[in-house]
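Read the structure below first, then the notes.
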Amino acid sequence: MKKKKIGVYICHCGGNISDYVDVEKVRQAVEGEDIVFLAKTTMFACSDANQREMVNDIEANGLTSVVVASCSPKLHLLTFRNVTQRANLNKYTYVHANIREQASWAHSDNKIGATEKAIHLVKAAIAKANYAEALETNKVKALKSVAVIGAGVAGMKAAISLSNKECEVVLIEKEPFVGGRVSQWDSLSTTTETGKEIVNRLYNDLITRENITICTNSEVISNKGSVGNFTLKIKKTPRYISTSFHPEDLKKAIEVCPVEVPDEFNFRLTPRKAIYKNYPGEYPQTPVIDLKNCTRCGACEKVCPAVNFSEEEDIIEISVGSVLMATGFDPYTPAYGEFGYATSENVITLPQFKRLIDEQSDTLVYKGKAIQNIAYIYCVGSRQAKGDNTYCSRNCCTSTIHAALTAKNKFPDINNFHFNRGLRTYGKQEILYADSLRSGDIYLQSYEDGLPTVTIEGKKTIVKINDILTNGKEIEVEADLVVLVTGMVPRADNKVGTLFKLPKGRDKFYNEIHMKLRPVETVIDGVTIAGACQGPKNIAESVNSALSAATKSYSIISKGELESEPLVATIDPDRCTWCGACEAACPFDAIMKSEKEGKIIAAINNAVCKGCGMCAPVCEPDAINVTACSSTEIMSMIDALV
Amino acid sequence: MGEINRMSAKILVFSTEKISDPAIDMAGLMKLHYPPTVYTISIPCSSGIKPSWILHAFEKGFDGVFIAADGSDCVYGETCTEKTGALVGKTHELMKSNNIDPARLRMAAICSVCSEPFVKQIRSFNEYLLKTLHA
Amino acid sequence: MKDSLKSSSYDALVIGAGIAGGEAALNLANTGYKVLLVDKELSVGGKMIMLSKVFPTLDCAACITTPKVSEISRHPNITIFTGSEVSNIRKISDNEFVAKVTRKPRYVHVEDCTACQLCEKACPTSVRDQYQFGLIGRKAAFIPFSICSPKAAAIDIDNCTLCGACERVCPTHCIDFTMETETNELHVKTIVVATGFNLFDPNNIPRYGYGKYKNVITAMQMEREIAPTRPFHTILRPGDGKVPDKIAYVLCVGSRDATVGNPICSQICCMYSIKQAQLLMGALPMADVTIYYINIRSFGKGFEEFYQQAKGMGVNFVKGKIGRISEKENGNLILRYEDINKGKLQEAEHDMVILSTGVLPTKGIDGLFENETLTLDQFSFVGQSDMLASPAKTSIGGVFVAGAATGPMDIPDSILSAGAASSEAISYIIQHA
């Protein structure tokens, strides 16, 4: 092996590292190593100036390998690989050392310890660089098609955007109808269009496009493959009604259906039939029979010939280059008794209230009682001091004020009392808050440690608060209706997330790689996230993220081919005795028996191998190593770390 | 080594690029402190760790080895947990035959947001190692 | 305008090279389109490149921007004009816009400049440094700031005495006083407006004493004081160079305030103030930091947790609007405020006050267009013609808007908004080919 000439760069990270790690000491500790040709410290390793300096250093000195000790490789491994590439050095000769997240920050309480650790981490990286080889990336064919999962507004917009870019799209929706949460809202702030109208506008655009396939009532049940070529199995549940239905017959069929179940579309405020449509203009236009609740009494079949119970479940297989997740959120469900939820007759959630005011006209009535005083209790299920949901749900303040204003316009006799924890009508939404104050809504703000209480006294529901805005005076309101302003939580049904192994953040929503650098990408290559499945968002924010995700998914596959890491398992033919253990261990069927120079040994299919290394420990004769993670490299790193 | 570090054990952590690395990075971001003599080597998947690496670490002077396993979150498939379990079992046997206390090898599933569990695990492992090795 | 009128064609014009414009340009360029990225400043990077660290991850702003800036500068599909302005945009057809781009002379040949700073040392003229928000001075021959891109000197001709000292010391002879304004005629298929925002000028609220009391500074000035590329080596108050130990933040300066003509919330000030407070607690462990607020709006991903973390670190949050600030002889400041939790008027003494100034629109963007009207919203931000379903669309087909040009926005939202604008722009080019 030719002796290496390694360049080492130790980043101050503008103080993030150098405030705790003595970077100069680190530099001195490694510069004397035999294979280290030069060692430098730099204020920002990732800056343009330093990148240029690195290129010059590599070219001028014929460096064979580069180590940068800076932040987590999640942020800048690719940045520095590109630098080496620009200096005509193979990018796999680059080795990264993380001395920020794993040294300066983790040990900010112990500068000597942090420095000592950084020295060892850099030495380990140098040891690894000593064995780093030039590798050729594998080219993988990328299908110019994307599966968009979830046909809410985010998913529909992403699909349209991809279609515009001449990309094939399969839009998959678990529910029988498209539109997601937005179709449940009538009036929206900042526009005269209703939620349903926006959904219908998008749907009418979608169906004109030849390159979009819409699958409703469909679920992804399996996923194989990886970026460039995912193979998904989709289970399509039949509607049991043919598309050539006669509207009058169908109306009758719905009428005669004897089954009544709580209507999830109306957040269980009202019942619906087993054969149903959520609202008249809903898409697709064909209603659906909910077989889980259907008693198969046959009443609908008798009045409507389009009903067809012989339709069968269909499983289709599709292959796509990228997957865009837009699975949305669930509204928080309060716990039993939380602010009187489920224990008091007149406590409902904000989504229920929005449905209620959409459905009613003239006077606002709930459970037969005319409503005058409405108490809105904010941050239910959000900003919890005791529960899991420590986050703010972002959109509920504005949504509540908008709903309260809408209600007041529609039912002028009502009084709105807002029991809040500090209003968060950020940006231009502030105007709505000002409008609300002007309309006479009353705002009462609780202390952080003294949330409002709901008590039932006979037939009365009393909401009490120690109000900051009036010096902590205890104020009580007798409410005819208590609206719990429930926040956004991740979807309870996370089957599809589990299928793709999508990681979740602290808030349990899907997690992006980096909020600012790679906000719509996940650690699963080729899978992007859009809309409220990544965290609470309003409609415009969801659409922005959907279009960003569409651009990202498109850019991954638009060239028709992509590079994959050449990190694969390799077989040492001298050691291999073919026992088959590796073949059994491989989850990707990448290993098979083969013959080489008369000897039966294992062979790796590089196009399929993902480099996970599962085959390596099971090999008795220790004939398997994974590129860049070989025993030689790992052991030399261990030697450097001690 | 500085005075301040005497009280911590040398622990080698095998961590995985996609699952446990983010958790360990986030522990740093959240300034959750753990002993600075804990070193991480990143690998693609915890089921790819060779027992020989672990034995090598003990031979070279590490007090403990901690496997931050992918658990059921592994991106390479469901068999990861079982396979990591198997290699840990095999290593424990090898440790016993080499007169190394098997408790010096620990494993726990660390998911991508398990920063606090990671730090807790490491602190308790450190305490165990200090008690048994440096008492 | 003699023979300097050059004509050139690109697929897309991106106006403004801040984080939104840069992101939009990169998305377009990575998809294979040729982009001209224009910024009126001498460096790309917008406001973000000037920041210290960014909430809620506390990554240094430079760690996020510099690699992006570096990628933008190097991208074969991106051409950058700094110190340049776009005007006279005309829509000729659905796939053609014509615009004028005026490049003001830098008086330095950027490609030859090594940023050795000898010209800076030689220049005898000192003026207020706009890139350090007036905290310190700079020369008339100067490198804008340490991580600027292009990293090259520039001559501030308005303040230059034409003494020639810089020219004489320049080792590469890259200073050239014969450079002239260059006007380009530009043909593009689509336009992304990413012109960002302005900060409220606190001189408009005299009762806070900004400009009069030296120890009252803006949050952007504090941003520079705590940035890694900061002008001083520590945090100090400008009045006497003392290290402050009782620091106050006044939120909603020029926001949520109809009396100064800006009734809306600026969306970022709560969070940047909380971030600065955390950084100050780290840098000056003995200092007290108090934040005077109306409502804390920590609404984004990880923001509420970040707010709670600041409380846990000991940052003092006081619900109250500041009435007036007055100065004591020793330079300390007396804040009169209504403590809303206690329900009474209070006074507090601090040795440094930071005004968290709000976000205002960049004026005059509608004036860039000649034969079409770019509609603005009621606050003079660029209007969104289909705000919910296509937030990046403007009143002109083929012109899209990204980032804070549409209204106050934090960095993650600006990046997503830029993603949307570039997505629409790419679709527009394909659909109108």
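Numbers at a glance
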read-out	value
Proximal aspartates and glutamates to A:Lys537, defined as alpha-carbon separation beneath 13 angstrom and excluding residues fewer than eight positions away on the same chain	A:Asp330, C:Asp413
DSSP beta bridges in the protein assembly as shown [antiparallel fraction, %, rounded to 5]	50
Compactness relative to 2.2 N^0.38 Å, alpha carbon Rg of the stretch C:203-362	0.98
For chain A: relative contact order, % (alpha-carbon pairs under 8 angstrom, 6 or more apart)	13
Cα-based reach from C:Lys275 at 19 Å (exclusive), listing lysines while leaving out same-chain residues under 8 positions away	A:Lys516, B:Lys31, C:Lys47, C:Lys53, C:Lys246, C:Lys301, C:Lys311, C:Lys319
Mean separation of Cα contacts under 8 Å (6+ apart) over length of the stretch A:567-632, as relative contact order %	44
Overall dimensions of chain A as given by Cα atoms, namely Rg and Dmax in Å	30.3, 92
Gyration tensor verdict on the stretch C:1-82 (Cα atoms; rounded if a/c is under 1.5, prolate if a/b is larger than b/c, oblate otherwise)	prolate
Separation of the C:Ser385 and C:Met286 label points, Cα + 7 Å toward Cβ, nm	6.1
Of the GluC sites (Glu not before Pro) in the stretch A:162-222, those whose Cβ has at most 14 other Cβ within 10 Å and which sit in DSSP loop	A:Glu166, A:Glu210
Three-way shape call for the stretch A:247-303 based on the alpha-carbon gyration tensor, with the a/c threshold at 1.5	oblate
Filter on A:Lys354/A:Lys408; A:Lys141/C:Lys34; A:Lys141/A:Lys233 - keep pairs with C-alpha separation over 23 Å	A:Lys141/C:Lys34
D (Stokes-Einstein, µm²/s), Kirkwood Cα radius, the stretch C:5-161, 0.890 mPa s at 25 °C	146
Three-way shape call for the protein assembly as shown based on the alpha-carbon gyration tensor, with the a/c threshold at 1.5	rounded
For the stretch C:282-405, alpha-carbon Rg over 2.2 N^0.38 Å	1.53
Least to most buried among A:Asp48, C:Asp377 (fewest other Cβ within 10 Å first)	C:Asp377, A:Asp48
Positive-pole candidate from B:Ser46, C:Ser7, C:Leu26, dipole of the protein assembly as shown, charges at beta carbon	B:Ser46
For the stretch A:330-489, the fraction of alpha-carbon pairs in successive 10 Å shells from zero, as %	11, 43, 39, 8, 0
Ratio Rg/Rh [Cα only; Rh per Kirkwood] for chain C	0.99
Loop-located GluC sites (Glu not before Pro) in the stretch B:56-132 whose Cβ has at most 12 other Cβ within 10 Å (DSSP)	B:Glu78
Three semi-axes of the equivalent ellipsoid, the stretch C:78-223, Cα gyration tensor, whole Å, largest first	30, 27, 13
Test item: Cα-centred dipole of chain A, Lys/Arg +1 and Asp/Glu -1 on Cβ, debye	400
Cross-link partners of C:Lys321 among aspartates and glutamates (Cα-Cα below 14 Å; sequence separation of 8 or more within a chain)	C:Asp257, C:Glu338, C:Asp339, C:Glu347
Computed magnitude of the charge dipole of the protein assembly as shown (debye, nearest 20; Cβ of K, R +1, Cβ of D, E -1)	1140
C:Thr375, A:Thr627 arranged by Cβ crowding within 10 Å, fewest neighbours leading	C:Thr375, A:Thr627
Projected label distance in nm at A:Lys386 and A:Asp639, using a 7 Å step from Cα toward the beta-carbon	5.8
Computed over the stretch A:35-102: relative contact order in percent, which uses C-alpha pairs under 8 Å that are six or more apart	35
P(r) weight above 24 Å for the stretch A:6-137, C-alpha pairs, percent	20
Folded to 0 to 90 degrees: helix C:19-30 orientation relative to chain C principal axis, Cα	30
Environment charge of A:Ile401, counting only residues whose C-beta is closer than 11 Å and scoring Lys/Arg +1, Asp/Glu -1	-1
Out-of-range pairs (alpha-carbon distance over 28 Å; input A:Lys386/A:Lys464; A:Lys4/A:Lys596; C:Lys104/C:Lys363; C:Lys212/C:Lys342; C:Lys100/C:Lys121)	A:Lys4/A:Lys596; C:Lys212/C:Lys342; C:Lys100/C:Lys121
Residue order, fewest to most beta carbons within 10 Å, for C:Thr82, B:Thr16	C:Thr82, B:Thr16
Count, lysine Cα pairs under 23 Å in the stretch A:6-137, 8 or more residues apart or across chains	19
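Any read-out appearing in this document is the output of simple, stated calculations on the displayed coordinates, not a laboratory observation. The shown structure was predicted, so the numbers you read here are calculated from the model rather than taken from an experiment. Quick reminder, even Gly has a Cβ in these numbers, built from the backbone with ideal geometry, and neighbours come from all protein chains shown.
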